[in-house]
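The values are calculated or read from the model by the stated rules, or taken from the named source; none is laboratory data. Quick caveat, the model's predicted, so the values are computed rather than measured. With ideal geometry, Cβ positions are generated from the backbone for all residues, glycine too; neighbour counts draw on all protein chains shown.
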Amino acid sequence: MKKKYLVYFLLISMLTTLMGCSSTAVSGKNASEIVIASANPMTGDSAQFGDIKVKAMQLAIDEVNEKGGINGKLIKLQVGDDTGNPKEAPNVAQKLAADKNILAIIGHWNSSCTLAARGIYDSAGIPVITDSVNKAITDGTTPHVFRISLTDTAQAHYLAKYAYGQMGKRKAAILYTGNDFGTGLKNDFNAKFTELGGQVVAVETFFEGQSKDFSPQLTKIKAQNPDLLFIPAYYVETALIAQQAKAMGLEVQMLGTDGISSEELIKLGGQAVEGIRFAGFFHPDIEFLGTKEFVEAFKTKYNKEPDTYAALAYDSARLLLKAIAEKGTDRKQIKKYLETVKDFPGVAGPVSFKNNDVERGIIILTVKGGKIVPVDIQAE
Amino acid sequence: MFMEQLSNGIALGSIYALTAIGFTMVYGIIRLINFAHGDIYMIGAFLTLTGITLLNMHLVMAFLFGMAGAALFGILIAKLAYSPIFKAPRINIFLSAIGTAIFLENFAMLIWGPETQAFPDVIQNNVYTFLGFRASTLQLVILGTTILLVTVLTYVVQYTKIGRAMRCTSQDMDAARLMGINTNRVVYITFALGSSLGAAAGALVGMYYKAVFPMMGFVPGLKAFIAAVIGGIGSIPGAMLGGIIMGVSESLGAAYISSGYRDAIAFIILIAIILIKPSGLLGKAVKEKV
């Protein structure tokens with residue numbers, strides 16, 4: 001009996017790492033097609049993010065295809081699945097990068113996945129646009145990987161300044177998700193907030209997808225009596241944290257990141273997320289060229305509101321399509337286009353890359369009456 | 001803070017316990033580590049949610065609908081995935097169970113979509129405090145349901161005719177069949193019962209966290225396994241004890257050691273208990289037949 005348990009147990013530990021790993025990569029060998037690929041989580045814990053990104057990319061592609069494609073060629077989106085797992089991301093990257101038909105990649109969504117896969121894309125010379133925020137992604141070692149969202153450092157600095165200055169908070173507690181995204185933001189926020197003169201009174205963590213119960217962490221935080229709770233996490237956990245905090249009577253102003261900038265936050269959090277503030281890179285009310293049309297088209301096609309990730313994925317796809325239309329079907333030329341592009345009119349604001357990073361500000365959003373709206377006093 | 005953390009732990013532990021009951025029962029009867037149990041739990045939660053939101057059922061009706069639907073799933077899984085290889089070495093069934101788990105996760109993603117869905121507020125959730133303990137209505141409902149199910153199940157397995165047939169089947173399937181027990185029927189009933197218990201757990205946890213999503217069963221499935229092993233796999237009261245021990249140790253570990261190590265603490269306790277008492281706290285040591 002004992003031996004059997006041992007075998008089972010070993011198997012379980014192996015399978016925990018393997019479970020849910022799969023990917024789809026059937027290549028279209030058709031020369032009359034232009035192929036770009038998405039490498040995002042389509043199954044697993046973060047599948048909803050990959051889903052909305054692919055929807056937005058498909059929208060951008062359909063718009064071009066309806067007008068006859070690029071030089072008579074139709075564009076096809078190939079969808080890879082990294083399952084949100086950094087162990088799976090390199091396999092997907094390998095498959096996509098090896099396919100000569102694929103001109104460029106949009107992804108990955110998870111910082112940990114992008115970090116794991118970026119070397120593979122770079123040595124294959126395939127341009128990538130990611131919306132992951134971990135600063136190490138654009139440390140200069142992988143010139144083919146471009147980032148369309150802000151780095152965690154830049155975002156954390158904006159948020160720390162906003163919390164200290166505009167909101168007047170002095171005693172912050174942090175509850176972060178224990179991956180590259182959460183850890184990066186936690187460190188940078190902590191450093192900046194302390195530097196400004198604030199005090200970080202509690203730092204607690206949890207693991208993405210491992211636990212839905214935050215009561216031990218929140219109980220500890222409550223004992224420190226902070227005036228701000230900074231939560232670098234995604235919306236599912238943030239909604240749960242807000243609800244559990246409310247249930248235990250922890251009344252504190254909460255501050256989140258772009259990770260919760262989604263309508264889903266309100267669906268899941270209900271009353272508990274009312275008043276929470278967070279950073280976003282996109283809001284339908286903050287209009288740029290084409291924002292209105294994009295929101296309309298997205299709603300008509302998918303019957304839901306586009307979020308920050310959808311907007312960035314849409315901009316990424318349009319950017320790549322523009323590059324292909326102008327420079328032709330060549331990976332090198334596309335990369336060159338991305339390096340030199342100046343103020344490309346994106347629906348989430350103009351895009352130009354400097355050292356592979358985009359330059360943009362953040363929008364401070366809040367939940368008011370069950371709707372996401374920009375706050376009156378914005379970050380500087 | 002200690003009392004608060006203790007009540008956090010008991011609340012979490014009763015959730016683990018509730019999940020572990022169905023799991024340990026199936027093991028107790030058929031000696032199968034049913035790795036699809038966590039995903040049956042998820043299916044149960046989704047069916048209950050569908051019952052409430054789409055079919056406008058009353059809460060209790062939706063709950064029973066979820067349990068019945070999951071029981072049907074359980075029977076189908078037993079029929080399609082387990083019974084064809086029932087005579088093969090155990091490891092084959094074990095692998096088949098994991099295959100079933102992956103299938104169910106992706107099946108749910110196709111039917112209900114990958115995003116997390118909110119469970120509507122169906123129960124007025126009040127908070128009660130008593131001698132420093134703090135519990136909400138739903139936590140009490142979960143704890144109550146767990147105790148109720150443990151009692152009912154223990155009664156069924158120990159004192160009814162079908163329970164006796166189950167215990168016979170678990171001891172020796174061939175001998176049981178020779179004695180005139182319809183072992184196939186016993187296996188299906190066990191699966192139906194185990195699955196509906198899993199569904200009950202899933203639906204309650206869905207209500208508790210107000211969130212239902214396709215991957216929600218994976219971690220609880222593993223935790224249920226650990227809770228069952230700590231308590232002595234196959235023992236129904238043991239599953240309850242194991243669940244509470246895990247919940248409390250996770251909460252206290254997160255509070256006094258570090259929140260980053262809470263899962264590690266659960267596993268360390270598992271290892272410690274298995275080293276000292278290999279059959280689990282309430283498990284009976286069964287001699288392996290040669």
Among the numbered conditions (1) within 13 Å of chain A (Cβ to nearest Cβ); (2) within 25 Å of B:Ile33 (Cβ to Cβ), tell me where B:Gly163 comes up short.
(1)
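Collect the residues in segment B:100-135 that are in a strand (DSSP E or B) and touching a residue at least 24 places away in the same chain (Cβ under 8 Å), keeping them in residue-number order. Quick ask: steps written out before the conclusion?
Taking segment B:100-135 first, the residues in a strand (DSSP E or B) are B:117-118, B:127-130, B:133-135.
Within segment B:100-135, B:Gln117, B:Ala118, B:Phe133, B:Arg134, B:Ala135 meet the criteria.
May I ask you to verify whether B:Ser196 is within 12 Å of chain A (Cβ to nearest Cβ), in contact with a helix residue (DSSP H, G or I) (Cβ under 9 Å, 6 or more places away or on another chain) and among the polar types (S, T, N, Q)? Can you show your working first?
Values: within 12 Å of chain A (Cβ to nearest Cβ): no; in contact with a helix residue (DSSP H, G or I) (Cβ under 9 Å, 6 or more places away or on another chain): yes; among the polar types (S, T, N, Q): yes.
It is false that B:Ser196 is within 12 Å of chain A (Cβ to nearest Cβ), in contact with a helix residue (DSSP H, G or I) (Cβ under 9 Å, 6 or more places away or on another chain) and among the polar types (S, T, N, Q).
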Does any residue of segment A:107-117 turn out to be under 25 Å from A:Lys327 (Cα atoms), in the same structural domain as A:Ser46 (by TED's automatic domain parsing) and crowded, with 18+ Cβ neighbours inside 10 Å?
yes
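If we only count helices (runs of 4 or more DSSP H) wholly inside segment A:174-274, which ones have 3 or more residues that are more than 22 Å from A:Lys53 (Cα to Cα)?
Filter on segment A:174-274 gives A:180-196, A:215-224, A:235-247.
Listed here are the residues, each with its yes/no results for (1) under 12 Å from the mean Cα position of the chain (by Cα); (2) part of a loop (DSSP other than H, G, I, E, B); (3) over 20 Å from B:Ile10 (Cα atoms).
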{"residue": "B:Ile162", "(1), (2), (3)": "no, no, yes"}
{"residue": "B:Thr169", "(1), (2), (3)": "no, no, yes"}
{"residue": "B:Ser195", "(1), (2), (3)": "yes, no, yes"}
{"residue": "B:Met216", "(1), (2), (3)": "no, yes, yes"}
{"residue": "B:Phe225", "(1), (2), (3)": "yes, no, no"}
{"residue": "B:Met240", "(1), (2), (3)": "yes, no, no"}
{"residue": "B:Val248", "(1), (2), (3)": "no, no, no"}
Tell me, yes or no, whether segment B:53-73 has at least one residue that is touching a residue at least 60 places away in the same chain (Cβ under 8 Å) and either of a type in the set (Ser, Thr, Tyr) or within 14 Å of chain A (Cβ to nearest Cβ) (or both).
yes
For segment A:83-103, which positions are surrounded by fewer than 24 Cβ atoms within 10 Å (Cβ to Cβ), under 16 Å from A:Leu115 (Cβ atoms) and either of a type in the set (D, E, K, R) or outside the structural domain of A:Ile334 (by TED's automatic domain parsing) (or both)?
A:Lys87
Taking segment A:239-256 and the residues there that are in contact with a Phe, Trp or Tyr (Cβ under 6 Å, 6 or more places away or on another chain) and surrounded by 24 or more Cβ atoms within 10 Å (Cβ to Cβ), the one that is farthest from the other protein chains (Cβ to nearest Cβ) would be A:Leu255
Restricting the search to segment A:339-355, which residues are surrounded by 17 or more Cβ atoms within 10 Å (Cβ to Cβ) and over 22 Å from A:Gly280 (Cβ atoms)?
A:Val341
Going through segment A:31-76 in order, the residues found to be farther than 18 Å from A:Lys304 by Cα, assigned to a helix (DSSP H, G or I) and within 14 Å of chain B (Cβ to nearest Cβ) are none
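Looking at A:Asp330, A:Asp315, can you tell me which residue is among the acidic types (Asp, Glu), surrounded by fewer than 16 Cβ atoms within 10 Å (Cβ to Cβ), over 23 Å from A:Ala160 (Cα atoms) and not assigned by TED's automatic domain parsing to the domain that holds A:Gly259? Let's see the steps before the verdict.
Values: A:Asp315 fails: surrounded by fewer than 16 Cβ atoms within 10 Å (Cβ to Cβ).
That would be A:Asp330, the only listed residue that is among the acidic types (Asp, Glu), surrounded by fewer than 16 Cβ atoms within 10 Å (Cβ to Cβ), over 23 Å from A:Ala160 (Cα atoms) and not assigned by TED's automatic domain parsing to the domain that holds A:Gly259.
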Could you please let me know if B:Val26 is more than 14 Å from chain A (Cβ to nearest Cβ), in a helix (DSSP H, G or I), β-branched (Val, Ile, Thr) and touching a Ser or Thr at 6+ places or on another chain (Cβ under 8 Å)?
yes
Within segment A:227-238, count every residue that is farther than 22 Å from A:Asn110 by Cα and surrounded by 22 or more Cβ atoms within 10 Å (Cβ to Cβ).
2
